[in-house]
Amino acid sequence: MLETCEKHAELYKELDDYIESIKEKKGILINVLHKAQELFGWLPKEVQDYIAEKLNIPTSTVYGVVTFYNFFSTKPKGKVQIKICLGTACYVKGADRILDRFLSELDVKESEVSKDGLFSVHGVRCLGACSMAPVVLIGEKDFYGKVTPDMVPSIIKKYKEGE
Ligand code: FES
């Protein structure tokens, strides 16, 4: 359940303003979903229902689009998103062990948020840096190549310190 608070009221207001600004255009659903994900960090069911009502379209249409595109997230994410490449080149170099080490160090399940709300860990497809396999991407731009399980604690530490 998405908690209702002043902050969320502001986010809904900002989403309303955005919808208002583009409502004359066609095919705005994807743009609105992007905006909502940017504001809320993910797309809770309540937000998807809200968008369906605002755009006057069936909720099933909204759910369909959200589940079709993998850049939309229906689960909350941590402030720091850790993406472990599980593409072939990384996998053969032990990416599954890197993933397991991140999960155990952070005591979290894949795609769930750590208790402190700081981290979430996601297995992803090829990140396009196969020569550096196995690869980890933290946030949008921090790439780590040739990662070993023993490097994991020190990588995590950097982001804890920057809290
Ligand atoms: S398979 Fe991991 S970066 Fe390509």
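Laboratory data are not the source of any read-out in this text; all were calculated from the coordinates shown. Keep in mind the model is a prediction, meaning the values are calculated, not measured. We place every Cβ from the backbone using ideal geometry, glycine too, and count neighbours over all the protein chains shown.
Count neighbours as other Cβ atoms within 10 Å of each site's Cβ, and list the chymotrypsin sites (Phe, Trp or Tyr not before Pro) in region 68-163 that are DSSP loop with at most 16 such neighbours.
Tyr69, Phe71
Taking amide H positions as placed 1.01 Å from N in the peptide plane, with prolines and chain starts having none, which residues 5 or more places from Val124, or on another chain, fall under 5 Å of its amide H?
Result for Val124 returns Ile84, Cys85, Leu86.
Using only the Cα atoms of the chain, what are the Rg and Dmax in Å?
Looking at the chain, its Cα Rg and Dmax stand at 18.1, 54 Å.
Running a GNM on the chain with Cα contacts under 10 Å, which residue among Gly78, Gly64, Gly145 ends up with the highest mean-square fluctuation?
Comparing Gly78, Gly64, Gly145 in a Gaussian network model of the chain, the most mobile one is Gly64.
What residue among Ile28, Ile84, Ile138 has the largest mean-square fluctuation in a Gaussian network model of the chain, using Cα springs under 10 Å?
Answer for the Gaussian network model of the chain: Ile28.
Report the convex hull volume per residue for region 123-163, counting only C-alpha atoms, in Å³.
75
Strictly under 4.7 angstrom between C-beta atoms: which cysteines of the chain have no such partner?
Cys5, Cys126, Cys130 - these cysteines have no disulfide-compatible partner (Cβ-Cβ under 4.7 Å) in the chain.
Count neighbours as other Cβ atoms within 10 Å of each site's Cβ, and list the trypsin sites (Lys or Arg not before Pro) in region 92-163 that are DSSP loop with at most 10 such neighbours.
Sparse-neighbourhood loop trypsin sites (Lys or Arg not before Pro): Lys115, Lys141.
Among all the aspartates and glutamates, which ones have a C-alpha under 18 Å from Lys146's C-alpha, if same-chain residues fewer than 8 places away are not counted?
Excluding near neighbours in sequence, the set is Asp96, Asp100.
Exceeding 19 Å between C-alpha atoms, which entries from my cross-link table qualify? They are Lys77/Lys160; Lys79/Lys115; Lys35/Lys158; Lys25/Lys54; Lys115/Lys157; Lys83/Lys141.
Lys35/Lys158, as the Cα separations exceed 19 Å there.
P(r) tail for region 80-161, what percent of Cα pairs lie past 19 Å?
26
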